[in-house]
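The values are calculated or read from the model by the stated rules, or taken from the named source; none is laboratory data. Note that the coordinates shown come from a computational prediction; the quantities given were computed from them, not determined experimentally. Glycine also receives a Cβ, built like all others from the backbone with ideal geometry; neighbour counts cover every protein chain displayed. Surface areas here come from the heavy atoms of the whole protein model, side chains and all, with no ligands, DNA or RNA. Shrake-Rupley method; radii C 1.70, N 1.55, O 1.52, S 1.80 Å.
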Amino acid sequence: VGSLLLVALIARSGGWSRIQVEAWVPDSVVASAPPGVLVGLTQAEIRSDPARFVGQTVQWRLQFISLQKADELRPEMPEGTNYLLTRGPMPEPGFVYVMIPSDQRAKFEALPSLKELLVRGKIRSASTKYLPTPVIELEAVMDGLGD
């Protein structure tokens with residue numbers, strides 16, 4: 001199945017072209033989110049206005065790296081909390097800590113590193129004390145666990 005892409009040139013300046021894109025793609029490649037869930041939010045946007053985004057729910061595609069337990073170096077999470085160390089939100093090169101409930105740890109123990117997950121979670125912290133890494137509380141995994 002092909003896609004239809006329409007591009008309109010809006011302006012040119014200093015060697016750059018501003019374009020407007022309209023596209024039709026198959027429904028199978030479009031991820032939708034419920035009302036109130038932020039999609040496409042970047043780490044830079046969160047860090048620029050933490051008060052606006054902490055407590056909001058985001059939907060992000062993340063790359064799983066490992067399963068960890070929070071320690072004293074991550075005071076934004078209660079010590080001993082299970083969390084996923086992930087990269088993203090994709091395609092960003094940064095990291096995101098995803099807090100998970102203890103009863104869900106088994107779901108992630110056998111997950112291979114670099115597996116992509118589509119997750120929904122509430123932003124708990126815009127960054128950690130020592131790193132510019134956001135912390136979210138997992139609400140759901142929509143894709144990537146094979147369920």
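Counted over region 46-147, the DSSP beta bridges are approximately 90% antiparallel. For Lys115 and Leu9, a Förster radius of 30 Å and the Cβ-Cβ distance give a FRET efficiency of 0.15, rounded to the nearest 0.05.
When the Cα convex hull of region 97-147 is projected onto planes of every orientation, the mean area is 4.1 nm². In Å², and per residue, what accessible area does the chain have when probed at 1.4 Å with the other protein chains present? Computed with neighbouring chains in place, this is 62 Å² per residue. Length available on full extension from Ser17 to Asp71: 0.36 nm per residue minus the Cα-Cα distance, which gives 14.6 nm. Shown here are the Rg and Dmax of the Cα trace of region 8-75, at 18.3, 52 Å. Partner lysines whose Cα lies under 22 Å from the Cα of Lys129, excluding those fewer than 8 positions away in the same chain, are identified as Lys69. Shown here for region 108-140: trypsin sites (Lys or Arg not before Pro) in loop regions (DSSP other than H, G, I, E, B) with at most 13 other Cβ atoms within 10 Å, namely Lys129.
Between Arg52 and Ala140, the modelled labels are 2.6 nm apart [label points 7 Å from Cα along Cα→Cβ]. Taking the protein heavy atoms of the chain in the context of the full set of protein chains, the accessible area attributed to carbon and sulfur is 53 percent at 1.4 Å.
Here region 9-122 is treated as a Stokes sphere of Kirkwood radius computed over C-alpha pairs; at 10 °C and 1.306 mPa s its diffusion coefficient rounds to 96 µm²/s.
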